[in-house]
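K.L.:
Starting off with a structure, shown below.
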Amino acid sequence: MGAEAEAEAEEEAECLTDEVDTKGVAAQRTRFLDLLQDTCRKKAAVEVRFHGPGVEGVVASGNLVAVESTLDEILVENLATPTGDIPLARVNMDDVLYIKLLKKRERM
């Protein structure tokens, strides 16, 4: 094994033994869940950009009302899509590239 490979292996071993800041991780998770809860409570306006077969590049907008606990699905009210409006849509996150929270002036 060359010197470069040895240095890389040593660096990887150090990463594996680093302690995880469990309190920090828990605090970040709590802040994230609080953000989701507040966003859904306010029915925040969102833009959803899709990707994948049949939906590549499609952009839709609506109001986020719920997020499934495993983050696999979201519920969006008044989802405006290029093919029409959906009063309440269950969106599979496997089909979503990103969700953008819209500012008041950006709302559609």
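K.L.:
Test Leu71 against the criterion of being among the hydrophobic types (A, V, I, L, M, F, W, C) and on the phi < 0 side of the Ramachandran plot, and give yes or no.
P.N.:
So Leu71 fails the test.
K.L.:
Take the stretch 25-72 and flag every residue that is under 14 Å from Tyr98 (Cβ atoms) and under 14 Å from the mean Cα position of the chain (by Cα). Can you show your working first?
P.N.:
Filtering the stretch 25-72 for residues under 14 Å from Tyr98 (Cβ atoms) gives 46-52, 55-61, 64, 71.
Within the stretch 25-72, Val46, Glu47, Val48, Arg49, Phe50, His51, Leu64, Leu71 qualify.
K.L.:
For the stretch 69-105, how many residues are assigned to a strand (DSSP E or B) and hydroxyl-bearing (Ser, Thr, Tyr)?
P.N.:
Residues in the stretch 69-105 being assigned to a strand (DSSP E or B) and hydroxyl-bearing (Ser, Thr, Tyr): 2 in total.
K.L.:
Considering only the stretch 52-97, how many residues are hydroxyl-bearing (Ser, Thr, Tyr) and surrounded by 11 or more Cβ atoms within 10 Å (Cβ to Cβ)? Walk me through it before giving the result.
P.N.:
So in the stretch 52-97, the residues hydroxyl-bearing (Ser, Thr, Tyr) come out as 61, 69-70, 81, 83.
Still in the running and surrounded by 11 or more Cβ atoms within 10 Å (Cβ to Cβ): 61, 81.
Total meeting the criteria: 2.
K.L.:
Filter the stretch 33-54 for residues that are in a strand (DSSP E or B) and over 13 Å from Glu77 (Cβ atoms) and give the result.
P.N.:
Answer for the stretch 33-54, where residues must be in a strand (DSSP E or B) and over 13 Å from Glu77 (Cβ atoms): Glu47, Arg49, Phe50.
K.L.:
Here are Lys100, Lys42: which of them is open to solvent by 90 Å² or more (accessible area, probe 1.4 Å) and at pLDDT 95 or above?
P.N.:
Lys42
K.L.:
Something else: How many residues are in contact with a Leu (Cβ under 8 Å, 6 or more places away or on another chain) and aliphatic (A, V, I, L, M) when one looks only at the stretch 53-78?
P.N.:
Number satisfying all stated conditions: 8.
The values are calculated or read from the model by the stated rules, or taken from the named source; none is laboratory data. These numbers come from a predicted model, not from an experiment. Using ideal geometry, Cβ is built from the backbone for each residue, glycine included, and neighbour counts are taken over all protein chains shown. The protein model used for the area step is the full one, side chains on, heavy atoms only, and it has no ligands, DNA or RNA in it. Shrake-Rupley method; radii C 1.70, N 1.55, O 1.52, S 1.80 Å.
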